[in-house]
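Written below as C-alpha cells is the structure these notes are about.
Since every read-out is calculated from the coordinates, none of them should be taken as a lab result. Please read all numbers here as calculations on a predicted model, not as lab measurements. Note that we place each Cβ from the backbone using ideal geometry, even for glycine, and neighbour counts take in every protein chain shown.
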Amino acid sequence: MKSNDWKDRLGMVYSTNPDFHFETSAEEEAETLPPNQQKLRVKIDRSHRGGKTVTLITGFVGTEEDLKALAKWLKSKCGVGGSAKDGEILVQGDFKAKVTELLLKEGYTQTK
C-alpha cells in the first residue's frame, strides 16, 4: 500500500471526496546510452551571454547524474567552469577542439 504523506501532495488543490487518493506520476529518466551511441554536437556559442564565449555540448541522452559527471570531467580537463542541465553541457571559453579531442578519446565517436 502506498504512503499518503502530505509532503507528496504539495501544490495539490484540496479535494472534498473522502475516497480520493492522490497518486504521483513518477517520470523516469532516459537510460544513459553508451559513448559510441551518443550523438553529441560541440559548438561555440556567444548569444545571450554578454559577449562571452562558451563551448556548448548538446545531444546527451541519459540521466542527470551521468550528464553532470561528464560535465565535471570536461571542466576539470579544460581547467574552467561551466554547467550541465537539460541534456546540455556548457564549458566556459573557446575549447571546441580540446573538448572534441577529449570526447573522441573517451569513445564518443559521433561528435561534430
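Compute the length gained on full extension between Arg41 and Thr109: take 0.36 nm times their separation in residues and subtract their Cα-Cα distance, giving the result in nm to one decimal. Could you put the intermediate results ahead of the total?
Numbers: separation 68, 0.36 × 68 = 24.48 nm, distance 1.09 nm.
Gain on stretching Arg41 to Thr109: 23.4 nm.
If R0 is 30 Å, what FRET efficiency do you get for Ala97 and Thr63 from their C-beta distance, rounded to 0.05?
Working: r = 28 Å, r/R0 = 0.93.
Between Ala97 and Thr63 the formula returns 0.60.
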